[in-house]
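Participant: Here it is, the structure in full.
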Amino acid sequence: MPVETDVLVIGCGIAGAMTALRLAQDRQREVLVITRTATPKESNTRYAQGGIVGRGDEDSADLLAGDILAAGAGLSLPSAVRILAEEGPRLVQRLLVDKGDVPFDRDASGELSCTREGGHSVPRVLHVGDATGLAIQRALIARLRERPNVTLCTNSTAVDLITSSHHARNPLSIYQPITCHGAYVLDREEGVVLPFLARATVLATGGLGRIYRHTTNPEGARGDGLAMAYRAGARVVNAEYIQFHPTTLAVPGADNFLISEAVRGEGGRLFTPDGRHFMDQYAPHWGDLAPRDVVARAIHHEMISHGYPRVFLDLASYMDGNHIRKRFPTIYATCLKAGIDITAEPIPVVPAAHYFCGGVLVNEWGRSTIKGLYAVGEVSCTGVHGANRLASTSLLEGMVWGDRAGRDVAARDDLQQVAEEEVPPWEEVGDSGLADPVLVYRDRRTIQNIMWYYVGLARSTRRLARALRDLNHLWETIDSFYRATRLSDDMIGLRNMAHAAWVVTRSAWHNRHSRGAHYREDAQEADFASLYDSDPQGASPLDEPWV
Ligand code: SIN
């Protein structure tokens, strides 16, 4: 028997939760939120350390928009940026600060404390220590649980979207515009796949950092939403723009733990192993607080040209130990566990894959190019982030577009619930038992290595050609593996990773120009400097050797 609801939200981070909360205001409407994890608190959102953009002193929507556009390297969509810059800080104030259930840090006089991060011209990032995402996530889930018309369904993995052209029993449906009617969902506890039918379906599945060998992202960031939307025929754009975070912990076994940009925002500086400060050479105007792509490539360049295995981020010389422990409790504790006392010594760091700037193309209300399908948060591409996202705007975008998508779905009357009998039940094709975990692990590792070495921070035609060839070959193996085994969350993830990796690589291959987070060593033309030239002094953060 299919499950029926008004709105199906797939994913439960800030964007999905915001959509559900907005829709749940109408008590007649049933909202079903599914997540593949065992608890709705687990999502990319909960790992966001740095913070969320608010409105700083001497700040304005114009100033914020200017910073986002400058970081985006000429590829941000101005109308989308304007929406974010105007609505975002207002929503943060109204829905997070004023409600009082997110304990943002305040100064001695009780005023909200704002940090400055890379690419921001004023301090405007609100934070809860260094675990801002977790605090927001907790508050939103608690609010969702209070809504009688919201059902939270854990341990439920979406397998594929249900679309008219792929799944309808009527063969003439292929002549109609593609319409989404929900998703096939694996109940991980029962081991069955059921159609979940909805008038509107909202993808809020987060990013795809796990297609890379080194990433700040949690295990679930495997491109599920992107792969499902792509298979269903949605338009995907800007997939080559993978943002690498400049500073993740470089200690064996610590698994690229994020060292927040706020550490540099509070005065931390980057040094080579022989004690040379290098960021002024790459970005004279911004120094250590240049946009992320510039800092990540500067570190990469230092590592490659001098053979350093890592560089160092020194906070201890610039901030008192007690203050460090208070301001960065999670980073302090995690580093200490890994043998680094950040109050006394510099932190060894390397860049790692962090954020997907591209995604499922959506309009200003979160509508994708498939009728009835919305995408919000990291899985989507609103155009805000362009070629490189400005720090601490991801939670903000998730909030604004989550809210907007909710409002849009609520106002529509052209989305119909599909009749149950029009959708075929799921057909299990695999018959040879559960997938061998060794093979799943090995295939996953192969994807991650291909992406890390050939589609990483610095790309070239030869590396991308190798990646495409290897991914095509691997795809045949994974596809037959998927079809031969019983469906499991691991197999769904593996197939999605292979698809997502291929989408990213193909976009990178087609784009022969370096811009923002997509850097090609053999770029056809290398003069996007003027696009960065928007800081007040006119100096460009895109200095040698990156142009
Ligand atoms: C950070 O704290 O550096 C990450 C925040 C973000 O990705 O915007």
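Computed from the coordinates by the stated procedures, all read-outs in this text should not be read as laboratory data. The structure presented is a predicted model; accordingly, all values stated were derived computationally and were not measured. A quick note on method: Cβ atoms are made from the backbone with ideal geometry, for glycine too, and the neighbour counts reach across all protein chains shown.
Participant: Name the residue from 181, 164, 148 whose Cα lies farthest towards the positive end of the charge dipole of the stretch 132-187, charges +1 on Cβ of Lys and Arg and -1 on Cβ of Asp and Glu.
Facilitator: Positive-most Cα among the choices belongs to 148.
Participant: Stokes-Einstein diffusion coefficient for the stretch 243-304 at 20 °C in a medium of 1.002 mPa s, Rh from the Kirkwood formula over Cα pairs: what value in µm²/s?
Facilitator: Values: Rh = 12.1 Å.
For these conditions, the coefficient is 178 µm²/s.
Participant: With the Cα gyration tensor of the stretch 88-160 in hand, convert its eigenvalues to equivalent ellipsoid semi-axes via √(5λ) and list them largest first in whole Å.
Facilitator: For the stretch 88-160, the semi-axes come out at 29, 16, 11 Å.
Participant: Between residue 522 and residue 94, what length in nm is gained on full extension when 0.36 nm per residue of separation is reduced by their alpha carbon distance?
Facilitator: Numbers: separation 428, 0.36 × 428 = 154.08 nm, distance 4.73 nm.
Length gained between residue 522 and residue 94: 149.3 nm.
Participant: Rounding to the nearest 20 debye, state how big the charge dipole of the chain is about its Cα centre with +1 on each Lys and Arg Cβ and -1 on each Asp and Glu Cβ.
Facilitator: Values: 57 positive and 67 negative charges, 107 e Å.
My answer is approximately 520 debye.
Participant: Now, a different point. Within the stretch 1-71, which trypsin sites (Lys or Arg not before Pro) sit in a loop by DSSP and count at most 14 neighbouring Cβ atoms inside 10 Å?
Facilitator: Those that pass, being in a loop and sparsely packed, are 27.
Participant: Here's another thing I want to ask about it. Can you list the lysines whose alpha carbon sits under 27 Å from that of residue 326, skipping same-chain ones fewer than 8 residues off?
Facilitator: Filter leaves 41, 99, 337.
Participant: Classify the stretch 139-238 as rounded, prolate or oblate, taking a ≥ b ≥ c as the square roots of the eigenvalues of its Cα gyration tensor: rounded when a/c is under 1.5, otherwise prolate if a/b is larger than b/c and oblate if not. Present the calculation step by step, with values, prior to reporting the outcome.
Facilitator: Details: a/c = 1.83, a/b = 1.23, b/c = 1.49.
Since a/c reaches 1.5 but b/c is at least a/b, the shape of the stretch 139-238 is classed as oblate.
Participant: Which whole-number percent gives the relative contact order of the stretch 234-389, counting Cα pairs below 8 Å spaced six or more residues apart?
Facilitator: On the way: 280 pairs, mean separation 53.4, N = 156.
About 34 percent, as a whole number.
Participant: Please report, in Å, the Rg and the Dmax of the chain, where both are computed over Cα atoms only.
Facilitator: 22.6, 70
Participant: OK, next. Using only the Cα atoms of the stretch 373-512, build the gyration tensor, take square roots of its eigenvalues as a ≥ b ≥ c, and label the shape rounded, prolate or oblate: rounded if a/c is under 1.5, else prolate if a/b is larger than b/c, else oblate.
Facilitator: Numbers: a/c = 2.34, a/b = 1.12, b/c = 2.10.
Taking the square roots of the gyration eigenvalues as a ≥ b ≥ c, the stretch 373-512 is oblate.
Participant: Now for a separate question. Does the stretch 229-343 come out rounded, prolate or oblate, given a ≥ b ≥ c as the square roots of the eigenvalues of its C-alpha gyration tensor, rounded meaning a/c under 1.5 and, failing that, prolate meaning a/b above b/c? Please list the in-between numbers first.
Facilitator: Details: a/c = 1.86, a/b = 1.42, b/c = 1.31.
Prolate shape, in that a/c is at least 1.5 and a/b is the bigger ratio.
Participant: Which ³J(HN,Hα) values in Hz, rounded to whole numbers, follow from the phi angles of the stretch 372-377 under the Karplus curve 6.51 cos²θ - 1.76 cosθ + 1.60, where θ = phi - 60° and Gly and Pro get x?
Facilitator: Per residue, the Karplus-derived 3J(HN,Hα) values read x, 10, 10, 9, 9, x Hz.
Participant: Find how much the distance from residue 473 to residue 86 grows on full extension, using 0.36 nm per residue of separation minus their present alpha carbon separation; answer in nm with one decimal. Write out the running numbers ahead of the final one.
Facilitator: Working: separation 387, 0.36 × 387 = 139.32 nm, distance 4.66 nm.
This chain segment gains 134.7 nm when fully extended.
Participant: If we count every other residue with Cβ under 12 angstrom of residue 264's Cβ, Lys/Arg +1 and Asp/Glu -1, where does the sum land? Don't skip to the end; give the middle numbers.
Facilitator: Values: positive: 116, 269, 292; negative: 117, 261, 266, 288, 314.
Around residue 264, the surrounding residues sum to -2.
Participant: With label points built 7 Å along Cα→Cβ from the Cα atoms of residue 142 and residue 274, find their separation and express it in nm.
Facilitator: Those two pseudo-labels are separated by 5.3 nm.
Participant: Here is a follow-up. Grab every C-alpha pair in the stretch 1-116, bin the distances at 10 angstrom width from 0 up to the longest one, and report whole percents.
Facilitator: So the P(r) values, bin by bin, are 11, 31, 34, 19, 4, 1.
Participant: Determine by what factor the alpha-carbon radius of gyration of the stretch 75-206 differs from 2.2 N^0.38 Å, reporting the quotient.
Facilitator: Working: Rg = 20.9 Å, N = 132, 2.2 N^0.38 = 14.1 Å.
With N residues counted in the stretch 75-206, Rg over 2.2 N^0.38 Å equals 1.49.
Participant: Scale the Cα Rg of the stretch 331-373 by the rule-of-thumb value 2.2 N^0.38 Å and send over the ratio, two decimals. Please report the intermediate quantities before stating the final value.
Facilitator: Numbers: Rg = 20.1 Å, N = 43, 2.2 N^0.38 = 9.2 Å.
My calculation over the Cα atoms of the stretch 331-373 gives 2.19.
Participant: So, one more: Pop out the ³J(HN,Hα) list for the stretch 170-184 in order, Karplus 6.51 cos²θ - 1.76 cosθ + 1.60 with θ = phi - 60°, rounded to Hz; leave Gly and Pro as x.
Facilitator: Couplings: 6, x, 6, 4, 5, 8, 9, x, 5, 10, 9, 10, x, 8, 7 Hz.
Participant: Using 0.36 nm per residue of separation minus the Cα-Cα distance, give me the extension gain between residue 192 and residue 417 in nm, one decimal. The partial results should precede the final answer.
Facilitator: Values: separation 225, 0.36 × 225 = 81.00 nm, distance 2.28 nm.
78.7 nm is the gain from fully extending residue 192 to residue 417.
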